[in-house]
Amino acid sequence: MTSPIALHNATLFDSATGELRPHATVTVEGERIVDVAYDAAPGPGARAIDLAGRTLLPGLIDGHVHVTATIPDFFRLTLLPQTLIAAQAKDILAGMLMRGFTTVRDAGGADTGLVQAVERGHFIGPRLFIAGRAITQTGGHGDSRPAFFQGNSGCICCGAAGMLGSIADGVGPVRRAAREELRNGAHHIKVMAGGGIASPSDPLDGTQYSEEEMTAIVQEARAARTYVMAHAYTPEAISRAINCGVRSIEHGNLLDAETAALMAQKGAFLVPTLSTYDALYRNGERLGWSSQMMAKLELVRSQGVDAIRFARAANVKIGYGTDLLGEMHADQSLEFTLRAPAMPASEILRSATFVNAEMMGQAGKLGVIAPGAYADLVVVDGNPLQDLTLLQEQGRHLPLIMKAGKLCKNELGAIAA
Ligand SMILES: [Zn+2]
């Protein structure tokens, strides 16, 4: 058994309160944190790393990713070989970890094979919580078939890689679809509750699924002791989903004050994903997105910050998500600064740690620096509460990244015995 590691002389970010605490020593044994002390020397026998006052964050959590969205075209993605997608996902996962994200929640696409590839060390990446395939109605946001395309990409015999949705209509079939994802190792269920931008045939302001269908999906998730995350933009789509028992609203760009109050009352989470709209705004035309899609995009992009303001004013718990596709994954940490007009830095960091962990049912295990939690830790060269851009540039200002007690990156020199 290897001796404990002590991260000494750290300025610790307390994700429960959003405050910095100087002169901390965090002791790690195996994959967990065993002790957090202040103004204390590293314990005898511990291998110490002197952080020289640098900021120590809990490992970051991205609550909305698609690690298999290797290209920004959902239909073409379904035609790629799954082995190629897995190989490309390997690079996407490694990039996330090097940006300090030690946990990600996949919102559709990743399967249990990828979870195992990371767990067994074949792929270097964040711990993965997956939805499997997103559950969508025919013609819904997860139905990526072009109009008049006759194939049924929703059948169970077809591949599960990429952004393929599971197409199901009616209470019985949606129950079966949810059970199928859970059987295949999904940690949570993703449902498409309203129109989307990248899908070809659904109006942005449309609602998707009847309340009976959505309630059935929530019942199945709860029966399996988990929860549902729902894609929704408009107040109508959001309030329908919340009233059916959905736990987290994804994107939510068109949220208003009244709907925010309902979310707060029901204890639901909002996971804004400003970075993907910003990235698509800059890259959409070059990627061949239609003017129709770009118009939908601009509508939601322009209101994303306001949605966060409404949510914050109503005390809605706000998580951190990004929803990036293909090469745009490089913008994952841009979300920190894009939110700055609506939230103080300490709250944004809480979103990406404490709040996301609570949303995912991992309170106390992830997103905190506390005894018993997984030793997922990130060192920042500087004070991110004063300068969130320190989290950008692909982890350049993060000299040390630890996941489950394992040093994935260490530029702070040899560990003293
Ligand atoms: Zn998404």
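Accessible area per residue (1.4 Å probe, heavy atoms of protein chains only) ranks E212, E258 as E258, E212, with the largest value leading.
Taking a ≥ b ≥ c as the square roots of the Cα gyration tensor eigenvalues, the stretch 287-336 comes out oblate, since a/c reaches at least 1.5 and a/b does not exceed b/c. Accessible surface computed residue by residue for the stretch 212-304, with neighbouring protein chains in place and a 1.4 Å probe, gives 39 Å² per residue.
Measuring nothing but how far apart in sequence close Cα pairs (under 8 Å, 6+ apart) lie, relative to its length, the stretch 1-70 scores a relative contact order of 37 percent. Excluding same-chain neighbours fewer than eight residues apart, the lysines reachable from K365 by a Cα-Cα span under 21 Å are K317, K403, K406. Take every Cα pair under 8 Å whose residues are at least 6 apart in sequence, average their separation, divide by the length of the stretch 167-240, and the relative contact order is 38 percent.
Rounded to the nearest 5, what % of the DSSP beta bridges within the chain are antiparallel ones? Around 45 percent of the beta bridges assigned by DSSP in the chain are antiparallel ones. Taking the Cα centre of the chain as origin and assigning +1 to Lys and Arg Cβ atoms and -1 to Asp and Glu Cβ atoms, the resulting dipole is close to 720 debye.
Report the net charge of residues surrounding N283, where surrounding means a beta-carbon distance below 13 angstrom and charges are Lys +1, Arg +1, Asp -1, Glu -1. The answer is -2. For the set C408, C244, the ranking by accessible area, highest first and with no ligand, DNA or RNA atoms included, is C408, C244 under a 1.4 Å probe.
Computed over the chain, the per-residue total of -39500 (n - 2.57) for DSSP H runs of n ≥ 4 gives a 222 nm mean residue ellipticity of -8500 deg cm²/dmol, rounded to 500.
Counting only aspartates and glutamates at least 8 places from K296 when in the same chain, those with an alpha carbon closer than 19 Å to its own are D73, D143, D202, D205, E236, E250, D256, D278, E285, D306, D323. The order of E119, E220, E358 by accessible area, most exposed first and with a 1.4 Å probe, is E119, E358, E220. Taking K and R as +1 and D and E as -1, what net charge do the other residues with C-beta under 11 Å from the C-beta of A89 add up to? After counting each charged neighbour, the total is -2. Expressed as a whole percent, the accessible area of the chain that falls on carbon and sulfur atoms is 51 (1.4 Å probe). Cα centroids of the stretch 279-331 and the stretch 54-77: 14 Å apart. Near A404, once Lys and Arg are set to +1 and Asp and Glu to -1 for all other residues with Cβ below 15 Å from its Cβ, the sum equals +3. Using C-alpha pairs under 8 Å with a sequence gap of at least 6, the mean separation divided by the residue count of the chain gives a relative contact order of 19 percent.
Exposure check, 1.4 Å probe, all protein chains in place: F310 carries approximately 90 Å² of accessible surface. Helix hunt in the chain: which complete DSSP H runs extend at least 30 Å axially by C-alpha with mean Kyte-Doolittle at least 0.5? Qualifying helices, which must be both long enough and hydrophobic enough, do not occur.
The values are calculated or read from the model by the stated rules, or taken from the named source; none is laboratory data. The structure presented is a predicted model; accordingly, all values stated were derived computationally and were not measured. Cβ atoms come from the backbone with ideal geometry, glycine included; neighbour counts cover every protein chain shown. These accessible areas exclude ligands, DNA and RNA; they are computed on the full protein's heavy atoms, side chains included. Shrake-Rupley method; radii C 1.70, N 1.55, O 1.52, S 1.80 Å.
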